[in-house]
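A quick write-up on the structure given underneath.
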Amino acid sequence: MIASSSAERVREIRRKVENGERLDFDDGLALYAPSFPLQELGELANLVRERMHGDVAFYNINTHLNPTNVCIYRCRFCAFRSDLRDPKGYVMTEDQILQRGQEAVDNGCTEMHIVGGLHHKMPYAWYRGILQTLHAAFPQLHLKAWTPVEIGWFEFLTKWPVRRILEDLREAGLGSLPGGGAEIFHPQVRDQICEHKADAHKWFEVHRTAHQIGLRSNCTMLYGHLENAYHRVDHLLRLRELQDATGGFQTFIPLAFHPDNTQLSHLQKPSVLDDLRNIAVSRLLLDNIPHIKAYWIMLGIETAQVALAYGADDLDGTVRHELIYHDAGATTPEFLSVDRIRQLIEEAGRVPIERDTLYRRVQRDPTNPRHWWVDHSEASAAV
Ligand code: SF4
């Protein structure tokens with residue numbers, strides 16, 4: 001039973017959403033409160049989602065590349081990193097990286113997502129060279145690479161400003177930036193989980209600069225560890241503010257924390273209800289970011305499927321070679337076939353549409369699905 005003041009708050013927020021009015025900080029806190037019924041929250045988020053995308057749900061055919069797990073940093077939530085001399089540590093050779101590129105093209109991938117550790121000994125030229133090598137060999141593959149944490153590290157290595165680094169990486173083959181490294185922006189939490197790495201100011205500087213030079217990017221929030229509702233709303237509204245200024249974000253991806261093998265392994269991972277609430281609140285607060293992604297690797301397939309009715313319009317992709325969250329105990333498969341991902345979307349009552357990294361619709365030759373092209377017809381515009 002909802003207390004009358006809570007019921008009033010729910011009615012007021014419903015009115016705002018139905019009228020297309022922007023929600024504020026206090027509304028965000030109210031949406032996160034357990035007294036705001038999840039079912040009603042989902043209904044409102046679905047209303048906005050269907051207003052923006054109708055019945056469509058997007059997916060892509062992609063692969064991941066983590067060229068090294070050796071990292072100078074020790075983020076408390078990270079199970080992926082390795083010390084320099086730890087037997088678990090690895091650095092991929094150029095041949096291994098090229099093999100991965102070939103495998104991606106053979107599997108019809110349109111995108112390679114590239115992130116990794118900050119290796120103590122590898123120079124900037126090594127990171128740049130990964131993009132250059134892949135782009136020269138497989139120009140059709142979109143390279144979505146390096147978070148602001150890595151760009152901040154390149155700044156340290158090169159002593160160049162962010163803009164010059166991004167322009168240099170674009171010349172080497174960079175297509176867009178992934179959304180990682182955001183974690184939780186508020187210093188009350190950030191200082192406890194990753195105080196040494198790029199702070200909120202650096203994260204926003206990198207994305208703002210990327211947008212200013214015409215690169216698109218994604219954004220994320222790692223939730224379910226030490227943060228509370230205040231920190232989550234603060235995080236989402238900081239993203240909304242930059243999007244108002246630049247319009248360069250394409251997708252927001254809420255990332256559920258997985259505690260296994262991390263320094264925070266005593267924590268429980270977020271519940272399914274928390275996952276769904278986060279998706280829905282994101283859709284309602286981030287009224288200027290076109291897409292909300294239910295990243296099935298972290299949410300689990302079933303929750304991601306339900307999330308398509310709670311505000312999400314994208315399931316990410318087929319994903320091969322995901323290591324970062326599987327090291328932290330994710331029990332999802334390491335790969336979904338195209339048929340399976342389409343089936344999951346159809347079971348959820350949505351229409352599956354393959355997109356490329358920039359959310360343009362992809363067409364494939366039915367006799368040779370590895371052969372694909374972007375459909376530029378106006379009727380097919382995905383965003
Ligand atoms: S999250 Fe990234 S920066 Fe932090 S320890 Fe892991 S690999 Fe290094």
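Which one of Q102, Q188, Q140, Q132 is of a type in the set (S, T, N, Q) and closer than 23 Å to V70 by Cα?
The conditions single out Q132.
Quick one: count up the residues across segment 64-96 that are surrounded by fewer than 20 Cβ atoms within 10 Å (Cβ to Cβ), in contact (Cβ under 8 Å) with a residue 60 or more places away in the chain and aromatic (F, W, Y).
The number of residues fulfilling the criteria is 1.
Would you check which residues across segment 147-168 are part of a loop (DSSP other than H, G, I, E, B), under 20 Å from G181 (Cβ atoms) and more than 16 Å from the ligand (Cβ to nearest atom) and list them? Break it down into steps so the answer makes sense when it comes.
Of segment 147-168, the ones part of a loop (DSSP other than H, G, I, E, B) are 147, 159-161.
From what is left, the residues that are under 20 Å from G181 (Cβ atoms) are 147, 160-161.
Answer for segment 147-168, where residues must be part of a loop (DSSP other than H, G, I, E, B), under 20 Å from G181 (Cβ atoms) and more than 16 Å from the ligand (Cβ to nearest atom): W160, P161.
Which members of segment 204-221 meet the condition of being part of a loop (DSSP other than H, G, I, E, B) and without any contact (Cβ under 8 Å) to a residue 60 or more places away in the chain? Talk me through it step by step, then tell me what you get.
Of the residues in segment 204-221, the ones part of a loop (DSSP other than H, G, I, E, B) are 213-216.
Those that are part of a loop (DSSP other than H, G, I, E, B) and without any contact (Cβ under 8 Å) to a residue 60 or more places away in the chain: I213, G214, L215.
Being part of a loop (DSSP other than H, G, I, E, B) and crowded, with 21+ Cβ neighbours inside 10 Å is the filter here, so list the residues in segment 290-313 that pass it.
In the first step, residues of segment 290-313 are kept if they are part of a loop (DSSP other than H, G, I, E, B); the result is 290, 294-295, 300, 308-313.
Within segment 290-313, A294, Y295, L308, Y310, G311, A312, D313 qualify.
Determine if segment 36-43 includes at least one residue that is in contact (Cβ under 8 Å) with a residue 60 or more places away in the chain and either within 16 Å of the ligand (Cβ to nearest atom) or closer than 30 Å to M122 by Cα (or both). Steps first, please.
Our first condition is that a residue be in contact (Cβ under 8 Å) with a residue 60 or more places away in the chain; within segment 36-43, this holds for 38, 41-42.
From what's left, either within 16 Å of the ligand (Cβ to nearest atom) or closer than 30 Å to M122 by Cα (or both): none.
No.
Residue-by-condition table, conditions (1) out of contact with any Leu (no Cβ under 8 Å at 6 or more places or on another chain); (2) over 22 Å from V206 (Cα atoms):
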{"site": "Y90", "(1), (2)": "yes, yes"}
{"site": "D95", "(1), (2)": "yes, yes"}
{"site": "D106", "(1), (2)": "yes, yes"}
{"site": "C109", "(1), (2)": "no, yes"}
{"site": "G117", "(1), (2)": "yes, no"}
{"site": "P123", "(1), (2)": "no, no"}
{"site": "W126", "(1), (2)": "yes, no"}
{"site": "P139", "(1), (2)": "yes, yes"}
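Does segment 223-269 hold any residues that are more than 19 Å from K202 (Cβ to Cβ), within 20 Å of the chain's Cα centre (by Cα) and hydroxyl-bearing (S, T, Y), and which are they?
Result: Y223, T251.
Yes or no: segment 229-243 includes at least one residue that is part of a loop (DSSP other than H, G, I, E, B) and in the same structural domain as N66 (by TED's automatic domain parsing).
So far as segment 229-243 goes, no, none of its residues is part of a loop (DSSP other than H, G, I, E, B) and in the same structural domain as N66 (by TED's automatic domain parsing).
Within segment 1-25, count every residue that is touching a helix residue (DSSP H, G or I) at 6+ places or on another chain (Cβ under 9 Å) and part of a helix (DSSP H, G or I).
Step one: filter segment 1-25 for residues touching a helix residue (DSSP H, G or I) at 6+ places or on another chain (Cβ under 9 Å), giving 2, 6, 9-10, 12-14, 16-18, 20-25.
Narrowing further to those that are part of a helix (DSSP H, G or I): 6, 9-10, 12-14, 16-18, 25.
Looking only at that region, the number is 10.
How do the pairs read when you match residues in segment 113-132 that are assigned by TED's automatic domain parsing to the domain that holds R320 with residues anywhere that are modelled with pLDDT under 95 and more than 14 Å from the ligand (Cβ to nearest atom), using Cβ under 8 Å and keeping only pairs 6 or more apart or on different chains?
H113/N62; H113/T63
Of the conditions (1) free of Cβ contacts under 8 Å to residues at least 12 places away in the same chain; (2) touching an Asp or Glu at 6+ places or on another chain (Cβ under 8 Å), M52 fails just one. Which one is it?
So the condition that M52 fails would be (1).
When you go through (1) closer than 18 Å to R74 by Cα; (2) modelled with pLDDT of 95 or more; (3) not in a helix (DSSP H, G or I) one by one for Q192, which number turns out not to apply?
It fails just one condition, (3).
For segment 169-178, how many residues meet the condition of being touching a Phe, Trp or Tyr at 6+ places or on another chain (Cβ under 8 Å) and away from the ligand (no atom under 16 Å from the Cβ)?
Narrowing segment 169-178 to residues touching a Phe, Trp or Tyr at 6+ places or on another chain (Cβ under 8 Å): 169, 174, 177-178.
Add one more test, that the residue is away from the ligand (no atom under 16 Å from the Cβ), and what stays is 169, 174.
Going through segment 169-178 one residue at a time, the tally reaches 2.
Of all residues being more than 24 Å from M112 (Cα to Cα) and of a type in the set (A, V, I, L, M, F, W, C) in segment 179-224, which is nearest to the ligand (Cβ to nearest atom)? Just the residue, please.
For segment 179-224, the residue satisfying everything is C194.
Give segment 54-85 a look and list any residue that's within 15 Å of the ligand (Cβ to nearest atom) and over 13 Å from D327 (Cβ atoms), or say none.
Correct list: L65, P67, T68, V70, I72, Y73, R74, R76, D83, L84.
The values are calculated or read from the model by the stated rules, or taken from the named source; none is laboratory data. Since we're looking at a predicted model, the values are computed, not measured. Virtual Cβ from ideal backbone geometry, glycine too; neighbours counted across all protein chains shown.
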